[in-house]
1. Condition check: without any contact (Cβ under 8 Å) to a residue 12 or more places away in the chain and open to solvent by less than 40 Å² (accessible area, probe 1.4 Å). Does G150 satisfy that?
2. Could you grab me the full set of residues in region 29-52 that are over 17 Å from V92 (Cβ atoms), in contact (Cβ under 8 Å) with a residue 12 or more places away in the chain and among the hydroxyl-bearing types (S, T, Y)?
3. Of everything in region 90-140, what is open to solvent by less than 40 Å² (accessible area, probe 1.4 Å) and closer than 24 Å to P194 by Cβ? Give them in sequence order.
4. What do you reckon, is V42 surrounded by 15 or more Cβ atoms within 10 Å (Cβ to Cβ) and under 14 Å from G83 (Cβ atoms)?
5. What is the number of the single condition among (1) in contact with a Gly (Cβ under 6 Å, 6 or more places away or on another chain); (2) in a helix (DSSP H, G or I) that L46 does not meet?
6. State all residues of region 4-34 that are closer than 18 Å to V97 by Cβ and surrounded by fewer than 14 Cβ atoms within 10 Å (Cβ to Cβ); if no residue qualifies, say none.
Amino acid sequence: MADEPWGPGYVIDSKYQLTSKLGEGGMGAVWRADHLTLNAPVAVKLLDSSIASTEEGLGRFLREAQSAAALRSTHVVQTFDYGVHEHVPFIVMELLVGESLADRLASKGPMSPAAVSRLLRQVARAMAKAHQAGIVHRDLKPDNIFLVEGEEDEEPIAKVLDFGIAKSKDVLAASAGSKTRTGALLGTPYYMSPEQAQGTR
């Protein structure tokens, strides 16, 4: 998003003032921001303008916001707002302090069996909530699991992120027998289930 006007001090939708960039990926960038009315920190995800100009990109971004907002779980990042500012969609989420599971593994190496068991139980709770709501994540991987710092000696809490390629059971049923796009592969190959990689409905 190098050509975008976003930067520290920029105000989105007259409410969210950007303070610093937290990260950037294929879909856009995530910024730390201040809610000017509530005087509270939040995270704002801005969709890259080149993706915002496509129907598929807009659909994925809106689906991400709707899926996360539909879930009420300690282990799913909470979504507070969605809108479009100067033709660029944005999502406002809770600001998480910590690191992704991918970063944790890269910096500290393998986790103990007890830590893995605790982490997987939390992720399973998030997925159970999603499946009860008829939502399939389709891209569960270490980059999309965030470890939120606990207070004092408390263990970190796992939160599932990025529902950008999630689908609801209604959409999955409607698309049965059809492909998203010829040759399209949605998800991350190393972390796909066999049936997802094979395109099995």
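The values are calculated or read from the model by the stated rules, or taken from the named source; none is laboratory data. Since this is a predicted model, take the numbers as computed values, not measurements. Note: ideal-geometry Cβ built from the backbone for every residue, glycine included; neighbour counts use all protein chains shown. All accessible areas refer to the heavy atoms of the entire protein, side chains included, with ligands and DNA or RNA removed. Shrake-Rupley method; radii C 1.70, N 1.55, O 1.52, S 1.80 Å.
1. Numbers: without any contact (Cβ under 8 Å) to a residue 12 or more places away in the chain: yes; open to solvent by less than 40 Å² (accessible area, probe 1.4 Å): yes.
Answer is yes for this residue.
2. Within region 29-52, S49 is the sole residue that qualifies.
3. The answer is L101, A102, L119, V123, A126, M127, A130, G134, I135, H137, D139.
4. yes
5. The one condition L46 does not meet is (2).
6. S20, G23
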